[in-house]
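S.K.: What follows is a structure written as structure tokens; I'll ask about it next.
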Amino acid sequence: MPRTERPQAPAHAWFTGPGFGPAPGAADPAGPRLVCFGYAGGTPSVFRDWADRLGPGVTVVPVLLPGRGLRSDEAPYTEMADLARDATDALVAAGHVAPGTGTVLFGHSMGALLAYEVACALRDRGLAGPRHLFVSGSRAPHLYGGPDGEDLGDDALRHLVRDLGALRPDDRVGSAYLERRLPVLRADLTLCARYRWRPRRPLGCPMTAFSATDDPIALPAQVEAWRVCTSASLLHRRVRGGHFFLNGPARLPLLRELRAELTRTAEEREPSWTY
């Protein structure tokens, strides 16, 4: 696919903003790191306390996409190929996927699709891929595609957000925030709707997929379908909640799962003994 011409932000712009990076002395630069991709219309603030929850030694790397926060003056992407390519460029340039970093990728909803595409891009470039891929609240890549988000009017977008449980009818603060986020949300949904999976060989890293009991857009069978994306193991974890379960109590078992993987030793991941 030809490259879409747009001004290229420096690598640090993808990882800049309040709450980014570990507190001094809180993480080992050579230790495991968790690169986090958020959901459509969202910001990295959803990951703001994850470093504290995951404990010392783990570096949490939230990815800041254009159109949000300090990048509000940049146009959001509407094509996954362009976004995955530029996000991969930034991760490589910033040293977040260098050999020996023990990088784990996590993505929720649209972020899961982006995390997968980044993992594929790293492999295609012959670079160090993630040691584990976590996908959450997302059907498998080959199940994407549908009406473009750009075809949804503002009222339809508002109803969609409320129907998915991200906003209560009486939440005035959240409603005001949503009004500012509508253009970014529409662009992100357009990106997801335009996405078409390109057949390719499975990733070689293990995966964990999360589905929520009341999520109407990522049903258990659709989440289970991620199994074809890896030649290694896939664990399918089911939690209580709706599409945005990672903002509620169910995020605790998710974080425990992440912590367990991030703190596993190389011997535990690849035991030297054989049967």
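The values are calculated or read from the model by the stated rules, or taken from the named source; none is laboratory data. Everything quoted here is computed from the prediction, not taken from an experiment. Cβ placement follows ideal geometry from the backbone for every residue including glycine, while neighbour counts extend to all protein chains displayed. Only protein heavy atoms, including side chains, enter the accessible area calculation; ligands, DNA and RNA are left aside. Shrake-Rupley method; radii C 1.70, N 1.55, O 1.52, S 1.80 Å.
S.K.: Given the Cα-Cα distance of ARG48 and ALA128 and 0.36 nm per residue of separation, how much length would full extension add, in nm?
M.R.: Fully extending the segment from ARG48 to ALA128 adds 26.2 nm.
S.K.: Still on this model: Between ILE217 and ALA156, how many nm apart are label points set 7 Å from Cα along the C-beta direction?
M.R.: Label-label distance for ILE217 and ALA156, simple model: 1.3 nm.
S.K.: Could you rank SER231, SER211, SER45 by how accessible they are, 1.4 Å probe, largest area first?
M.R.: SER231, SER45, SER211
S.K.: Related question: With a 1.4 Å probe and every protein chain left in place, tell me how much accessible area LEU127 has, in Å² to the nearest 10.
M.R.: Approximately 80 Å² of LEU127 is accessible to the 1.4 Å probe.
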